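Let me begin by presenting the structure, written as structure tokens, before commenting on it.
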Amino acid sequence: MTDPIANYLTLIRNALQAKHQKVDIPSSKLLVEMTKLLKEEGYIANFKVTEEGSKSILKIYLKYGPKGERVVSGLQRVSRPGCRVYISTKEIPPVLGGLGINLLSTPKGVLTGAQARKAGVGGEVLCSIW
């Protein structure tokens, strides 16, 4: 697998499309940090990291509205291995006029666009979620 973040987003997108309650994803420190931010922002219900043999698995419990509508309507990979996208604090764009979030990899760790703006740091834009 050459791009674990794109795989992560695709697995979540497919699970939401199929109305699954949870999705299992191969775990890494970066993906766990991204998932923590998604939980804090209210895009997923919960998550946990489990060990299956020598592999670490990230179990993400998806969140739906009262009528079964998806909470996450879109996920998009911004910076890719072939074309990295770096921005400064002043260039952090809002997602859908403030209705979504950007996830950035910064010197202070993985932050949302709003957190990075508040902390005064820029970095690599990993993905946008709305």
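Quick rundown of the values:
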| read-out | value |
| --- | --- |
| Within segment 98-129, tally of residues that are out of contact with any Leu (no Cβ under 8 Å at 6 or more places or on another chain), within 19 Å of residue 43 (Cα to Cα) and either β-branched (Val, Ile, Thr) or assigned to a loop (DSSP other than H, G, I, E, B) (or both) | 1 |
| All positions within segment 1-31 that are more than 20 Å from residue 81 (Cβ to Cβ) and within 12 Å of the chain's Cα centre (by Cα) | none |
| Matching residues in segment 70-92 - criterion: being of a type in the set (Lys, Arg), touching a residue at least 40 places away in the same chain (Cβ under 8 Å) and farther than 12 Å from residue 103 by Cβ | 70, 80, 84 |
| Matching entry among 49, 125, 85, 78 (being among the hydrophobic types (A, V, I, L, M, F, W, C) and over 20 Å from residue 2 (Cα atoms)) | 49 |
| Single residue of segment 50-101 satisfying the filter (charged (D, E, K, R) and more than 26 Å from residue 21 (Cα to Cα)) that is surrounded by the fewest Cβ atoms within 10 Å (Cβ to Cβ) | 90 |
| Flag for residue 104 being surrounded by 13 or more Cβ atoms within 10 Å (Cβ to Cβ), modelled with pLDDT of 95 or more and under 18 Å from residue 6 (Cβ atoms) | yes |
| Cβ pairs under 9 Å, 6+ apart, first in segment 105-130 and acidic (Asp, Glu), second in a strand (DSSP E or B) and crowded, with 18+ Cβ neighbours inside 10 Å | 124/87; 124/104; 124/105 |
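The values are calculated or read from the model by the stated rules, or taken from the named source; none is laboratory data. Quantities reported herein were computed from a predicted structural model and do not represent experimental measurements. Because the Cβ atoms are built from the backbone with ideal geometry, glycine has one as well, and the counts that use them run over all protein chains shown.
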